[in-house]
């Protein structure tokens, strides 16, 4: 045992005494924090335990060690459970599972300074900014996200830091990214020397090279593979939004990823690239802007999810019209894609395509993720189906239905509350008053 009094003498250097004092303070604060293992009981006035089903009145949710133990009728008292239980009074609130966003980019936000930021910010700066964005997302009620297109090393570090409770943020399912040379997802819009420097090692050409890139992305920590089967709006090039990855490249990526236990999400705007990706067996289509009748048929045949990102379309349309920092090539694509996105989403929804909630936050501002729900509602999706897309469906897409997506025994205690019912007024999601993740209250 070390005698700490030795370090408190006046002969001890000042900076060491400061370190010891700080460490002692940290220990005292840590010991005073509420333990997740303590039993908590939530009194829920209205509880949407399983989105897609009818809400329940006056329920008690019992939580121990960050997991839901039981959901019972009426408002139980601590003595009904254990004398150690603490009560969280949400008896006047609408309570439901934490929301889940299946398409975010936590490492930045679209804006006029992006080019200079890329040159000025270190990888450490990017990571710290990502921590900030992650916290904003969690406070907005989104307790799980799928990050599909960030610098992998930093994003994996953030994911791991959240899992170890080193930083505050939502659960992160982080992608490894595979794109073809010159396609969306490759570096563009800067000098050739810098493009050489920034080109990722998972840029590939041809089926076998894309197999290598997929294996590499998984080797270094990808929870899933994100591909770009078509061009994209924010690529600073006039290569359009149609198919860019070949059928052979798509099939090789999907087969390799599935063989290594990873799902594949495909960025896709043009119908040709959407349909090619679906034929190759991808698990989700991101955006789906120009989805056609054949797309709908393939969605329903394969069971793949559409992640609509209407908020991204809304955001780039507004920026293209109101700001002057976008290049002409980007503006043209932004207006065209945004004009098609909502209408084709409506057709897909009415046809019964599986839909999982996703915003493309990073294009839009982090923490405004709930605005996607309003756009989905305006496009004809029912409030009940919107909530289901952001919970039950999202959990299914990431293979976490056994632990997330509902308020049921055995699930993680990821729970949010609003003053009003979003089933009656979807805008209620814009103001989440209570957020719990894994039994820890992060907003109240």
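Here, each number is a calculation from the coordinates, and none is a lab measurement. The model shown is predicted, which means the values in this text are computed figures rather than measured ones. Quick reminder, even Gly has a Cβ in these numbers, built from the backbone with ideal geometry, and neighbours come from all protein chains shown.
Assorted remarks:
- In terms of overall dimensions, the C-alpha atoms belonging to the range 36-126 reach 59, 31, 19 Å along their principal axes, ordered largest to smallest.
- Between residue 297 and residue 89, full extension at 0.36 nm per residue minus the direct alpha carbon distance yields a gain of 70.2 nm.
- Measuring r between the beta carbons of residue 335 and residue 166 and using R0 = 41 Å, the FRET efficiency lands at 0.45.
- Principal-axis tilt of helix 152-163 within the chain, Cα atoms, nearest 10 degrees: 30 degrees
- A Förster distance of 60 Å, applied to the separation of the beta-carbon atoms of residue 220 and residue 70, puts the FRET efficiency at 0.90.
- Beta bridges per DSSP with both ends in the chain, % antiparallel, nearest 5: 40 percent
- Between the range 241-290 and the range 307-336, the alpha-carbon center distance in angstrom: 23 Å
- Extension gain, residue 82 back to residue 191 (0.36 nm per residue minus Cα-Cα distance, nm): 32.7 nm
- Average projection, convex hull of the Cα set of the chain: 25.0 square nanometres.
- Comparing mean-square fluctuations of 383, 124, 312 from a GNM of the chain with C-alpha springs under 10 Å, the top value falls on 124.
- Acute angle (nearest 10 degrees) that the helix 310-322 long axis makes with the longest principal axis of the chain, alpha-carbon atoms: 70 degrees
- Ranked list, fewest to most other Cβ atoms within 10 Å of each Cβ, for 195, 102, 376: 195, 376, 102
- Mean-position separation - Cα centroids, the range 337-365 and the range 76-127, in angstrom: 23 Å
- Gaussian network model of the chain, Cα within-10 Å springs - most flexible of 295, 79, 242: 79
- Contact order relative to length of the chain, as percent, for alpha carbon pairs under 8 angstrom and 6 or more apart: 18 percent
- Based on DSSP H segments of at least four residues, each scored -39500 (n - 2.57), the chain has a per-residue ellipticity at 222 nm of -11500 deg cm²/dmol.
- Global form of the range 189-281, assessed from the alpha-carbon gyration tensor, a/c cut-off 1.5: oblate
- For the range 283-324, alpha-carbon Rg over 2.2 N^0.38 Å: 1.48
- Nearest 10 degrees, 0 to 90: helix 271-280 Cα axis against the chain principal axis: 70 degrees
- FRET efficiency, residue 208 to residue 324 (Cβ-Cβ, R0 45 Å, nearest 0.05): 0.55
- Residue order, fewest to most surrounding Cβ atoms within 10 angstrom, among 230, 39: 39, 230
- The range 150-164-the range 381-439 distance, computed between alpha-carbon centres (Å): 24 Å
- Potential extension, residue 238-residue 350 segment - 0.36 nm per residue separation minus Cα distance: 37.0 nm
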